[in-house]
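Engineer: Input: one structure, supplied below.
The values are calculated or read from the model by the stated rules, or taken from the named source; none is laboratory data. Note that this is a predicted model, so its numbers are computed, not measured. Cβ sites come from the backbone with ideal geometry, for glycine too, and all protein chains shown count toward neighbours.
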Amino acid sequence: MPFVLFPAELSLWDIIQNLRPVPLAIIAILILFSLFSWTIVFSKSSVFGRARRENRNFLRAFRKAGSLQAVAIASEQFTSAPLVAVFDFGYGEIERQVKQRGALVNKPAIERSLQLGISEEVAKLEMNMNWLATVATVSPFIGLFGTVWGIIDAFEGLGNAGSASLRAVAPGISEALITTAIGLAAAIPAAIFYNIFGARIKELGTRMEDFAIEFQNLAERDFGG
C-alpha cells in the first residue's frame, strides 16, 4: 500500500478549516505580509516605469533645448521625472547666483545643489524598500515558527494516541507544512522584487549623476562659466 501524507478523506480545505489558533494566527500574519509586499511591488513598478519614461522624454527635450531657460519651460511637462527635480535644484541655485552677482561665481555650490537633488530623489525611490526587505527576511522565520509549532502538536497527538498512527500526527504535520509554504510564498517574491527594484534605483541614480554633468556643461555655455 503506497504511503500518503494525509488520510484519503482529509482534504486541504479540511486542514485549513480545522487549523488551531496559533497556526491560524501565523498564517493570517503571513498573508497580510504578502498582501502588503505585493501592494508595494505594484506601486513601485508603476513609479519606476513612469520615472524611466518621463526621464527619457525630459532628457530628449533637454538635449534639444538651446538654453537652461528653455529647459525650465519644457520641464513643466515632465513633473514625474526625477531628472526634473535634479534640474530644479541646480537651476534654482543658478538663478540665485545670477540675480545676486550677474554671473556664475560659485560652481561648487551648483554641484552641491545637484547632489542634494539626486539624494532627495533617490530617497523617494527607496521609499518602502525596507518593508520589502523586512518581509523577505522575516517571513521564513515566522513560517519556521509555525513549522516547529506544528511538529510539537504532532508529537502531542502521537503521545495522546498512544500508538504510532498517521492519523494522530497528520494534523500537526499538515499545519507545519502549510505555514512553511506560506512563509516561503510571502518571502520569495519580496526578495526577488527587492533586488530588481534595487537595480532600478541604482540605474536611475546613475542617470541622475550623468545628467548633473550635462547640466553643468550647459550652465557654463549659457553663462560663460
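Engineer: Among the residues of region 57-75, which ones are of a type in the set (S, T, N, Q) and more than 28 Å from the chain's Cα centre (by Cα)?
Structural biologist: Ser67, Gln69
Engineer: Do we find a residue being of a type in the set (A, V, I, L, M), in contact with a Pro (Cβ under 8 Å, 6 or more places away or on another chain) and modelled with pLDDT of 95 or more anywhere in region 35-45?
Structural biologist: Yes; the residues of region 35-45 include at least one that is of a type in the set (A, V, I, L, M), in contact with a Pro (Cβ under 8 Å, 6 or more places away or on another chain) and modelled with pLDDT of 95 or more.
Engineer: Could you look through region 76-114, keep only residues that are of a type in the set (Gly, Ala, Ser) and at pLDDT 90 or above, and pick out the one that is nearest to the chain's Cα centre (by Cα)?
Structural biologist: Ala81
Engineer: Cβ contacts < 7 Å: first residue surrounded by fewer than 21 Cβ atoms within 10 Å (Cβ to Cβ), restricted to region 51-62; second residue among the polar types (S, T, N, Q) and not in a helix (DSSP H, G or I), any location; separation 6+ or different chain. Result?
Structural biologist: Listed by first residue and then by second, the contacts come to Glu54/Ser80.
Engineer: Residue check: is Leu30 within 19 Å of the chain's Cα centre (by Cα), among the aliphatic types (A, V, I, L, M) and in a helix (DSSP H, G or I)?
Structural biologist: The answer is yes for Leu30.
Engineer: Please work out which residue is nearest to the chain's Cα centre (by Cα), limiting yourself to region 115-139 and to residues that are in a helix (DSSP H, G or I), among the polar types (S, T, N, Q) and under 24 Å from Ile29 (Cα atoms).
Structural biologist: Checking each candidate, the answer is Asn130.
Engineer: Another one. Looking only at region 70-90, how many residues end up being part of a helix (DSSP H, G or I) and in contact (Cβ under 8 Å) with a residue 24 or more places away in the chain?
Structural biologist: Number of matching residues: 10.
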